[in-house]
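Taken together, the values in this text are just the output of simple stated rules run on the coordinates, not laboratory data. Fair warning: this is a prediction, and the values are worked out from it, not measured in the lab. Don't worry about glycine lacking a Cβ; one is built from the backbone with ideal geometry, like all the others, and counts go over all protein chains shown.
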Amino acid sequence: MTAQVFKDFLHSARTTAKWHRMRHLLTPQDKLLILLHGEPDPDSMAAGWAFQHLVRPRVHSVRLVATQPVKREQNVRFLRTLKVPIEFVDAVPWDSFTKIALVDAQPHFFHSPPPVPFDIVIDHHPRRQASPLRCADIRPNYGSTATILLEYLLVAGVPLPRKLATALWFALRTDTDNLTRLVHTADLAAYSFLYRKSDRSMVQWLEQSDIPAAYREFYIRGLYLLDPARGRDVIYLGDIPQPDVCVHIADFLARFMGVRWLAVAGIAREMLYVIFRSGSYSVNVGSIARRKLEPFGSAGGHRDKARAEIPATTLAKILNLPLTDVRVEQWLRSVLLGTPRTRAHA
């Protein structure tokens, strides 16, 4: 499939119109910030990198910035192998830029509103709030932001380096669970196009996933606490070294027969992380996460996978008591399951 066939296959009128607006919005004098929200995953890293590659010739300077480090093992492998040019900062120097772009996220994702408005937003998550955006391209029917950025690169006629193609393909594959989620026809075409452009040996290396030895005790604890006969369950791990622990344990436990859905939670960096997984196609954990936990922090996701983040300070105010494992687990079970019952930890 050539680039021209790919463009002809897509309904590219929207992309063409959006690109026309963006390229007139950006000037050769602009110092552009491309911001990634939270801990970047392959889709946000690849999409941000692609947007940087797209607009670099049109602006004075462009920086790709994230405020949280990459900690998940497979994502670290992705970042290091492909050498994605991301800068990690503790605080964003907002005054250093004349234009701000947000990729693979939306303004309402932030716990505290940024001090300046976003000029450009490109994302594939559902639009939840109307924000004053000069140029927004939000496509919730797309499986990944990587697909949207590939359309922009092709419409603009920008050459696609092999490493960037590999990053976009792996991002699309990861965000759609290898196209097993509901995806757009554009995602299917992008998957085929990018696969031909990718470095296959690098893809094989990226697909490997190691489990840190330090996670062993959390696997044991999760197995001890899981009760598949309940159909739905909440597993509270207590203090964890990083949020990725909950992701590993949730992916593992959701595979047990009898599990309809579960939530695995833990506290790291003064934040309560709750990772949802569905064990049944009829259960939409993204909806459960938003309905149950969004009033307390940020929450959302897809039908089969979702995530919530609640500041520990917010949780302490809700409980009006010092945070202990028993109190946090009791609160989670009450909110998610309607029962405060707790069990002894392993």
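Measure nothing but the geometry: give the 0 to 90° angle between the long axis through the Cα atoms of 216-225 and the longest principal axis through the Cα atoms of the chain, rounded to 10°.
Between helix and principal axis, roughly 60 degrees.
With label points built 7 Å along Cα→Cβ from the Cα atoms of R327 and S201, find their separation and express it in nm.
With each label point 7 Å from Cα toward Cβ, the separation is 5.6 nm.
Strictly over 20 Å apart at the Cα level, which of K83/K197; K292/K317; K31/K163; K83/K163 would you flag in this model? Could you put the intermediate results ahead of the total?
Working: K83/K197 18 Å; K292/K317 17 Å; K31/K163 25 Å; K83/K163 9 Å.
Violating the 20 Å Cα-Cα cut-off are K31/K163.
Among bridges DSSP assigns within the chain, what percent are antiparallel (round to 5)?
Details: 19 of 45 bridges.
In the chain, approximately 40 percent of DSSP beta bridges are antiparallel ones.
Over all alpha-carbon pairs in the range 40-111, figure out the percentage whose distance exceeds 19 Å. Don't skip to the answer; put the middle values down first.
On the way: 909 of 2556 pairs.
Roughly 36 percent, once rounded to a whole number.
Once the Cα atoms of helix 325-337 and of the chain are each reduced to a long axis, what angle between those two axes, in degrees from 0 to 90 to the nearest 10, is obtained?
For helix 325-337, the angle is close to 70 degrees.
Could you state, as a whole-number percent, how many of the C-alpha pairs of the range 3-207 are farther apart than 27 Å? Intermediate values should be presented prior to the final figure.
On the way: 5025 of 20910 pairs.
Of all Cα-Cα distances in the range 3-207, 24 percent exceed 27 Å.
What order, most packed first, do the peptides 20-31, 297-308 have when packing is the mean number of other Cβ atoms within 10 Å of each residue?
297-308, 20-31
Rounded to the nearest 500 deg cm²/dmol, what is the calculated helix-only ellipticity per residue at 222 nm for the chain, with -39500 (n - 2.57) per DSSP H run of length n ≥ 4?
-12500 deg cm²/dmol
Show me, for the range 233-243, the HN-Hα J-couplings you get by feeding each phi into the Karplus relation (A = 6.51, B = -1.76, C = 1.60, θ = phi - 60°), rounded to Hz, glycine and proline as x.
Residue by residue, the range 233-243 yields 7, 10, 10, 9, 9, x, 6, 10, x, 6, x Hz.
Given 10 °C and 1.306 mPa s, how large is the Stokes-Einstein diffusion coefficient of the range 111-227 in µm²/s, with Rh as the Kirkwood radius over Cα pairs?
Working: Rh = 17.0 Å.
Taking Rh from Cα pairs, D becomes 94 µm²/s.
So between S287 and V158, what do we pick up on full extension, going 0.36 nm a residue minus the alpha carbon distance?
42.6 nm
Nearest 5 percent is fine: what portion of the DSSP beta bridges confined to the range 162-273 is antiparallel? Can you show the working numbers first?
Details: 3 of 9 bridges.
Looking only at bridges with both residues in the range 162-273, the antiparallel portion is about 35 percent.
Tell me the Rg and the Dmax, in Å, that the Cα atoms of the range 213-337 produce.
Rg and Dmax of the range 213-337, Cα atoms, are 13.3, 38 Å.
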